[in-house]
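For reference, the structure discussed in these notes is given below.
The values are calculated or read from the model by the stated rules, or taken from the named source; none is laboratory data. Because the structure is a prediction, the values reported are computed rather than measured. All Cβ positions, glycine included, derive from the backbone under ideal geometry; neighbour counts span all protein chains shown. What goes into the accessible areas is simple: the full protein's heavy atoms, side chains included, and nothing from ligands, DNA or RNA. Shrake-Rupley method; radii C 1.70, N 1.55, O 1.52, S 1.80 Å.
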2 protein chains.
Amino acid sequence: MSVAKEFEAANEKYAASFTKGDLVLPPQRKVAVVACMDARLDTARALGLEEGDAHVIRNAGGRVTDALRSIVISQQLLGTREIVIVHHTDCGMLTFTDDVIRSKIKTELNQNADHIAFLPFPDLEQSVRDDIKLLRDSPLVLDVPITGYIYEVETGKIVKVE
Amino acid sequence: MSVAKEFEAANEKYAASFTKGDLVLPPQRKVAVVACMDARLDTARALGLEEGDAHVIRNAGGRVTDALRSIVISQQLLGTREIVIVHHTDCGMLTFTDDVIRSKIKTELNQNADHIAFLPFPDLEQSVRDDIKLLRDSPLVLDVPITGYIYEVETGKIVKVE
């Protein structure tokens, strides 16, 4: 069975007891979360989010470069006024470089990916600091509170970086 | 109180009963989900995801253009072999055009955002079909099962598009 079919079965149960059909479009808690796509991080459970609370933007590494379009939409059209960044321990982004993945793509797919910045990082704390700075320096991002955390996949805890 | 502080308080409770500290990096169910950042969509609850199951990539609209870097990393380095796309009813992306948001940014931030494609769409089903096609046509994406759904924020149900 494809995972998609399993999702359909799980969703039937979710929908059967669904009671949140009257939520409005703008996030109630006026916050946008930028987090890694990592499978071990459940942003809602780990941060106490209920349906309707927050925009959740996720990508490989939780990098803000990839999230800028979404953050601008979140702030300009949907009223969020705070940003929370969540990177995490044992992140895949700590394990490779652009050269490594470009070379793998060349070998396995026979494609050139030199035009893609895959945004890996060698230092976890620094990656959070860099992303906060990128947002603070961007003229397209409002001057709002930005907090960065490292989620520990070993303990389930978030540890504040800045 | 900032929302970040509230997240810290909620996370203390989550971590206090956390039992999943030995999960491995690659997603157990070998699937990458690409979904909208919308606050009303809790991808884990709506699809039956547990910590460790799946990569979750989210952005404004759940557009694959923004997700390509993450999908390539997911497939090439972390072994996912299926993709599920989730857009949803009452999406903010149905309510504006590039011209509208660029003009707002010009007026409110005095910045030029003509270089950013904000990827809004006028037709929800078509947006899912377009994103599936984009992935199928990309030479950087493996030939894997791709399924696209519309999540109904009114009912909690996912409805298959393709």
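Can you say whether B:Val24 is of a type in the set (A, V, I, L, M) and open to solvent by 30 Å² or more (accessible area, probe 1.4 Å), as far as the supplied structure shows? Criteria met by B:Val24.
Looking across segment B:45-61, the residues that are part of a helix (DSSP H, G or I), at the interface with chain A (Cβ under 7 Å from one of its Cβ atoms) and open to solvent by less than 10 Å² (accessible area, probe 1.4 Å) come down to B:Ala46, B:Leu47, B:Ala60.
Picking from residues in segment A:112-149 that are facing chain B (nearest Cβ under 9 Å) and closer than 12 Å to A:Gly61 by Cα, the one that is least open to solvent (accessible area, probe 1.4 Å) is A:Phe118. Take B:Phe96 and decide whether it is open to solvent by less than 40 Å² (accessible area, probe 1.4 Å) and at the interface with another protein chain (Cβ under 8 Å from one of its Cβ atoms). Taking the combined requirement at face value, the residue satisfies it. Candidates are the residues of segment A:1-20 that are assigned to a loop (DSSP other than H, G, I, E, B) and either closer than 13 Å to B:Asp42 by Cα or open to solvent by less than 10 Å² (accessible area, probe 1.4 Å) (or both); the one that is nearest to the other protein chains (Cβ to nearest Cβ) is A:Phe18.
For B:Val153, are the conditions met, namely being open to solvent by less than 30 Å² (accessible area, probe 1.4 Å), over 19 Å from A:Ile71 (Cβ atoms), at the interface with chain A (Cβ under 8 Å from one of its Cβ atoms) and not in a helix (DSSP H, G or I)? It is true that B:Val153 is open to solvent by less than 30 Å² (accessible area, probe 1.4 Å), over 19 Å from A:Ile71 (Cβ atoms), at the interface with chain A (Cβ under 8 Å from one of its Cβ atoms) and not in a helix (DSSP H, G or I). Summed over segment A:78-93, residues that are at the interface with another protein chain (Cβ under 7 Å from one of its Cβ atoms) and either in contact with a Leu (Cβ under 9 Å, 6 or more places away or on another chain) or open to solvent by less than 10 Å² (accessible area, probe 1.4 Å) (or both) total 4. Looking only at segment A:24-38, residues that are within 8 Å of chain B (Cβ to nearest Cβ) and over 17 Å from B:Val3 (Cβ atoms) come to 3 in all. Within segment A:112-139, residues that are on the phi > 0 side of the Ramachandran plot sit with their Cβ atoms under 9 Å from residues that are open to solvent by 40 Å² or more (accessible area, probe 1.4 Å) and assigned to a loop (DSSP other than H, G, I, E, B), at 6+ positions apart or across chains, in these pairs: A:Leu119/A:Thr65.
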